[in-house]
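A quick write-up on the structure given underneath.
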Amino acid sequence: MRVGAVNVRGPEALVALLLLCAGIVVAATAAVAQGASPQAFLEHVYKGYRNGNAKGIDIGRPDTIRRYFAPPLAKAILKDQAEAKKRNDVPRLNGDPFIDAQDWEIADLKIEVASASRRNATGVVTFMNAKEPRKVTLDLIRTGAGWRIAEIQAPSGSLKELYQVK
């Protein structure tokens, strides 16, 4: 087998092939996580809410916040979390913004991209949470790192308003 400018034989060829395959899988996963399309991005966000053992998305980690939220909103969330920690208090966001609740038992999850352009999209997510209907609207923007959430509007209110982000 030839890898780059080097001929590889024996066990080294198998290792090189396995590394190449792993690289392809990682690249494909990153593309989905970054959101090759608004629909793919939203599917990735909500896949953690789909089954009975759903864990959702842990937004207590800075890297996770940056992975899902547009820079102005991510900055506001991170600032609030840091300030709340200094005060030994809870942050403003006291629940899961993707489902507008602290606890969940999600059923009938539907994700629809209501409108999309090259740079902006709006997703509407409907579901039942503990047998109560819910609707969450997510405004997305395309950044250099892929699609990110610029706003979430849910029955409890607006994420941008909560953090006073313009």
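The values are calculated or read from the model by the stated rules, or taken from the named source; none is laboratory data. Predicted model, so just to flag it, every value in this text is computed and none were measured. When we count neighbours, we look across all protein chains shown, and the Cβ atoms used for this are built from the backbone with ideal geometry, even at glycine. Each accessible area value is taken on the protein alone, full model and side chains, heavy atoms only, with ligands, DNA and RNA left out. Shrake-Rupley method; radii C 1.70, N 1.55, O 1.52, S 1.80 Å.
Structure notes:
- The stretch 62-166 shape via C-alpha gyration tensor axes, a/c threshold 1.5: oblate
- The stretch 142-157-the stretch 98-135 distance, computed between alpha-carbon centres (Å): 12
- Computed about its Cα centre, the charge dipole of the stretch 62-153 is approximately 520 debye, with only Lys, Arg, Asp and Glu carrying charge at their Cβ.
- Residue-level accessible surface for R67, protein heavy atoms, 1.4 Å, Å²: 90
- Net +/- balance of residues flanking K166 in space, Cβ distance below 14 Å, scoring K and R +1, D and E -1: -1
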